[in-house]
Amino acid sequence: MDKWKDNKAWFLVLPVFILVAFSAIIPLMTVVNYSLQDIFGPGQRVFVGLEWFEEVLADRRLHAALGKQLIFSGLVLLIEMPLGILIALTMPKKGWAASISLVLVALPLLIPWNVIGTIWIIFTRPDIGLFGAAINGLGIAFDHTASPIQAWITLMLMEVWHWTPLVVLLAYAGLRAIPEAYFQAAKIDGASTWATFWYIQLPKMRGVLTIAVLLRFMDSFLIYAEPFVLTGGGPGNTTTFLSIYLVKVAVGQFDLGPAAAFSLVYFFIILLFCWIFYQVLQNVGKGEKS
Amino acid sequence: MKITKRNLFFMAYLFLLMLPIYWMLNMSLKTNADILSSFSLFPNNITFANYIKIFTDSSWYSGYINSIIYVTMNMAISLVTALPAAYAFSRYNFLGDRQMFFWLLTNRMAPAAVFLLPFFQLYSTFGLIDTHIAVALAHCLFNVPLAVWILEGFMSGVPKEIDETAFIDGYKFPRFFLTIFIPQIRAGIGVTAFFCFMFSWVELLLARTLTTTNAKPIAATMTRTVSASGLDWGLLAAAGILTIVPGALVIWFVRNNLAKGFAMGRV
């Protein structure tokens, strides 16, 4: 779609810019400031240049946490995106069934994150939790506090349970926004279900799916409360993701400088990945007829 | 409703989805002793004590009221500011449009932990600590960009011919925007409203940092269930069930916008 060229459009964007900049710019500057200084106490600080960044980038535990984080977010995207689209496609389209389905699907999203972790502690306990007891009933000894593999599986299940609904809702709204005429045309052409999906529904969902990928990537990369409550980063350090390690550095060692440098590095990693995803999703399949 | 493979798949998903929530409901109707002593699919002795405590103790129910106030404020601010901005991004080329669009989203990418202190300092400078508007404004940091992004996607799905025809017919921008354009993207507004509600509702770190008592959110109140004698599981589960209710109402109200989608033929 060709857009109109007019710099007066800035006036429409200005309220948003002011609103977001108010909360964004000063805290960001402050954190950049911290990251370049060694802070001993109020009023006692020394400029240290990029020392903290060098220290952070050389930190082996950070590399380990980053590796785990990348695997976690990768799995999240690989599981939640296809599953979410599939569920959105099978969801009832109209009537009371659609209304009830929408409400039920949205429920897990509405529980505060710390509570989700706490509920899953009980839910997965082998003695008093439904999930733990069911797995034990299948003859598999289940205890996610002792086995790293089971801790990961439990976390992934919790994550998929909690966040797939976000993909479902976005994909569902995207599907509902496709004009009926496209489907009628496809029907007249005798297109198969698969062809309709691949050539009509999927391209038309590009916008909402781009948002879904970016949101799921960002939020899973920043995940803190759920694993912190459920596994506390354990057993050992096997589920110590970046943000859990960051809080250990920031609060545990009470070291604002390195923690600020860590935050900025963390931020740039997310920025880099989101930029790549955004560019790819903007352009993928653009060459084909849609 | 016909029973098809499609329906069965969806029903199976819903069933699995509801299990943890059912378990929370189950826990909320038990006493702590019952929860921790034995496994039971249903509460043996149903007790409403956990719910009664929440509804009668003002330190509990005021948490819900505070959260509802700032979340509603945030939802209103986000939608009202994001609608024109999203329109600008979807219809116009202007100086720095792409950079600006992506910059908005970068505000969701910062890990909160270290940013909390400067946030607190910023909001205390303006004397906003422990007010609802402080939390509502702070949550705009991640909700406004999200709203702009979602709405822009839906707006770009509306053919530009609709705008052109309306302007040729002599519509002024505000009237065109409110009476013709907004009804076209009802589905998008429904999703956006729900997502703004949801992300603001479950956000804990910023809300807790910016409030002490008068605007304390429910998610922060819930951390009080941890005490010297351990966790009050039943109370926490009951509070958890109650945190779902307002959001479920929101999605119930926007469900028709979601399901109806594209309404062609207005112009």
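The values are calculated or read from the model by the stated rules, or taken from the named source; none is laboratory data. Quantities reported herein were computed from a predicted structural model and do not represent experimental measurements. So basically every Cβ, Gly included, is an ideal-geometry build from the backbone, and we count neighbours across all protein chains shown.
Quick one: in the stretch B:135-191, which of the residues that are among the hydroxyl-bearing types (Ser, Thr, Tyr) and either outside any helix (DSSP H, G or I) or more than 9 Å from chain A (Cβ to nearest Cβ) (or both) is nearest to B:LEU116 (Cα to Cα)? Per the criteria, the residue is B:THR179.
A:LYS187 meets the conditions (1) over 21 Å from the mean Cα position of the chain (by Cα); (2) crowded, with 21+ Cβ neighbours inside 10 Å; (3) modelled with pLDDT of 85 or more in every case but one. The failed one is (2). For the stretch A:209-217, check the following and say yes or no: at least one residue is at pLDDT 90 or above, within 11 Å of chain B (Cβ to nearest Cβ) and either in contact with a strand residue (DSSP E or B) (Cβ under 7 Å, 6 or more places away or on another chain) or within 16 Å of A:MET156 (Cα to Cα) (or both). Within the stretch A:209-217 (the criterion being at pLDDT 90 or above, within 11 Å of chain B (Cβ to nearest Cβ) and either in contact with a strand residue (DSSP E or B) (Cβ under 7 Å, 6 or more places away or on another chain) or within 16 Å of A:MET156 (Cα to Cα) (or both)), the answer is yes, since at least one residue qualifies. Against the conditions (1) more than 27 Å from B:TRP233 (Cα to Cα); (2) at the interface with chain B (Cβ under 7 Å from one of its Cβ atoms); (3) crowded, with 23+ Cβ neighbours inside 10 Å, A:ALA88 satisfies every one except (2).
Remark: A:PHE262 matches the filter, which requires a residue to be in contact (Cβ under 8 Å) with a residue 60 or more places away in the chain and within 10 Å of another protein chain (Cβ to nearest Cβ). Only one entry in B:LEU210, B:LEU178, B:LEU141 is within 21 Å of B:LEU105 (Cα to Cα) and among the hydrophobic types (A, V, I, L, M, F, W, C), namely B:LEU141.
For residues in the stretch A:218-243 being at the interface with another protein chain (Cβ under 10 Å from one of its Cβ atoms) and among the hydrophobic types (A, V, I, L, M, F, W, C), which is farthest from A:LEU70 (Cα to Cα)?
Top of the filtered list is A:ALA225.
Within the stretch A:33-48, the residues that satisfy the criterion of being surrounded by 15 or more Cβ atoms within 10 Å (Cβ to Cβ) and either away from chain B (no Cβ under 14 Å) or not polar (S, T, N, Q) (or both) are A:TYR34, A:LEU36, A:ASP38, A:ILE39, A:ARG45, A:VAL48. Scanning the stretch B:52-107 for residues that are away from every other protein chain (no Cβ under 14 Å), without any contact (Cβ under 8 Å) to a residue 60 or more places away in the chain and over 22 Å from the mean Cα position of the chain (by Cα) turns up B:ILE52, B:PHE55, B:THR56, B:ASP57, B:SER58.
Assess whether A:VAL20 counts as being part of a helix (DSSP H, G or I), within 7 Å of chain B (Cβ to nearest Cβ) and surrounded by 12 or more Cβ atoms within 10 Å (Cβ to Cβ). Yes, satisfied. The residues of the stretch A:265-276 that are within 8 Å of chain B (Cβ to nearest Cβ) and hydrophobic (A, V, I, L, M, F, W, C), listed by number, are A:PHE267, A:ILE270, A:LEU271, A:CYS274, A:TRP275.
Would you confirm whether or not the stretch A:157-177 contains a residue that is touching a Phe, Trp or Tyr at 6+ places or on another chain (Cβ under 7 Å), over 30 Å from B:LEU206 (Cβ atoms) and at the interface with chain B (Cβ under 9 Å from one of its Cβ atoms)? Looking for residues that are touching a Phe, Trp or Tyr at 6+ places or on another chain (Cβ under 7 Å), over 30 Å from B:LEU206 (Cβ atoms) and at the interface with chain B (Cβ under 9 Å from one of its Cβ atoms), one finds at least one in the stretch A:157-177, hence yes. As for the stretch A:266-276, it holds no residue that is buried (at least 16 other Cβ atoms within 10 Å of the Cβ) and not in a helix (DSSP H, G or I).
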